[in-house]
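Take a look at the structure set out below.
Quick note: the coordinates plus some simple rules give every number you see, no bench work behind them. A quick note: this is a predicted structure, and the numbers were derived from the prediction, not measured. Cβ: placed from backbone, ideal geometry, glycine included. Neighbour counts: every protein chain shown.
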Amino acid sequence: MSDRQAELDALLVRIAAAPDAEALRAIERETLEKEGVVARLLASIPTLPPQERKATGQWANQMKRAVEEAASARRSAFEAAALDAERSGAGFDATIPGKRPERGSLHPVTRVTRELEDLFTSMGYVVLDGPEVELDWYNFEALNIPRDHPARDMQDTFRCDPEGNVVLRTHTSPGQVRAMERMKPPFRAIVPGKVFRQETTDASHEHTFHQMEGLVVGRDLSVGHLIGAMKTLLRGVFGREIEVRLRPGYFPFVEPGFELDARCPFCTEGCSVCKRSRWIELLPCGMVHPNVLRSGGIDPEVWSGFAFGLGLSRLVMLRYGIDDVRHLLSGDLRFLEQFA
Ligand code: FA5
């Protein structure tokens, strides 16, 4: 037998005996790739006497084919063995504990939002959505806050274009006019959502927080209806009477306007959440201004309305005893896991 044939036979024996795919790959590398025997053989051809060149080239190709075929057969054998092992259950330990998938949970703001949606829909309200990137018209002008009106300074606004025609909504009140455009009176609607203000943050102020707008449009609605609705809302939310106070409040889109505050549950003598006042601003509200009804295409001579802007983030704080609003959107799992 020639030396070449002996070399090939030895290679084929090693391939057939390769214990695993990695060992097989190593043999393929040393045979077929850059510095492998086949490559070296082909590279040597120009240096050989002309009469030997053809035979050497043919032999190199024959060797290459033989190695490839043997390696492919060995690889198929590995795959078949792995499949057999899997089918027979070999190597599978049924006593090893499985990997438990991480469990997520609803965010506290989502939970309270859903509860409120249930409460309000049971009272005949529809739930509406509105854009977070809002036109200045809906966020301010249609709400009786023209450009240069000092009330614009009450809410520091993120503007999205140099002209200031597009803003990140500073409150859910634009939902009032959008609701009027979509529905014929009489109707009741709530608009929960995220709002944005460019302001300094502290324990009770975030730049991004949640509100829930409420709007009722009907005939002959009065402050009495408004107060009745606010009481029902708070009873539904807290499941009990909580101490509240009503004081006059100024918002250009309601007349008269009120601020409804809830007693701070975190202290008896004032703390950073209530800014030492023992009251938490929670529920501004009022009778819808005739100009706003007109902006929404509703005749104020025929229809009246009341609206409220619930501070949803603050309500969530009250509900779960969270002492800093900034935890809510921090994304901190140590905080969120408490609600699992
Ligand atoms: C408004 O946003 C009015 N649109 C509310 C309204 C609606 C009045 C309908 C009348 C009729 P105000 O800026 O006060 O009002 O915000 C409403 C509530 O959002 C506050 O009572 C408070 O609970 C909450 N809030 C305000 N600023 C922040 C903040 N930076 N972080 C967290 N909650 C806030």
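Left without a cysteine partner by the 4.7 Å Cβ rule in the chain: Cys160, Cys285.
Kirkwood hydrodynamic radius for the chain: how many Å is it when counted over pairs of different Cα atoms? After inverting the pairwise mean of 1/r, the radius is 26.2 Å.
Applied to the range 232-237, the Karplus parametrisation 6.51 cos²θ - 1.76 cosθ + 1.60 on θ = phi - 60° returns per-residue 3J(HN,Hα) values of 4, 4, 5, 5, x, 6 Hz, with x for Gly and Pro.
The peptide list 312-319, 324-331, put in order of mean Cβ contacts within 10 Å with the highest first, becomes 312-319, 324-331. With the charge dipole of the chain set up from +1 on Lys and Arg Cβ and -1 on Asp and Glu Cβ about the Cα centre, the Cα lying farthest toward the positive end among the listed residues Ala10, Phe187, Leu293 is that of Phe187.
Helix 50-88 and the long axis of the chain differ in direction by around 50°, with both axes built from C-alpha atoms.
Using the rule -39500 (n - 2.57) for each DSSP H run of four or more residues, divided by the residues of the chain, the 222 nm mean residue ellipticity is -12500 deg cm²/dmol.
Distances between placed amide hydrogens fall under 5 Å for Ser204 paired with Val325, all partners being 5 or more residues away or on another chain. Close amide H partners of Cys160, meaning residues 5 or more places away or on another chain with modelled amide H under 5 Å apart, are Val166, Val167, Leu168. Remark on Phe258: its backbone amide H falls under 5 Å from those of Gly249, Cys285, Gly286, a criterion applied only to residues 5 or more positions apart or on other chains, H modelled at 1.01 Å from N. Of interest is the spacing of the C-alpha centroids, which for the range 121-160 and the range 204-245 amounts to 18 Å. Each listed q (0.15, 0.16 Å⁻¹) maps to a log10 I(q)/I(0) for the range 3-88 from the Debye sum over equal C-alpha point scatterers, namely -0.59, -0.65. DSSP finds beta bridges in the chain, and of those with both partners inside it, around 95 percent are antiparallel.
Scanning the chain for GluC sites (Glu not before Pro) lying in DSSP loops with no more than 15 further Cβ atoms inside 10 Å, the longest uninterrupted stretch between such sites is 36-101.
For the range 60-104, trypsin sites (Lys or Arg not before Pro) are listed when DSSP marks them as loop and at most 13 other Cβ atoms sit within 10 Å of their Cβ; the list is Lys99, Arg103. For the range 285-299, the Karplus equation 6.51 cos²θ - 1.76 cosθ + 1.60, evaluated at θ = phi - 60°, returns couplings of 7, x, 7, 4, 5, x, 4, 6, 4, 4, 4, x, x, 10, 7 Hz by residue, with Gly and Pro reported as x.
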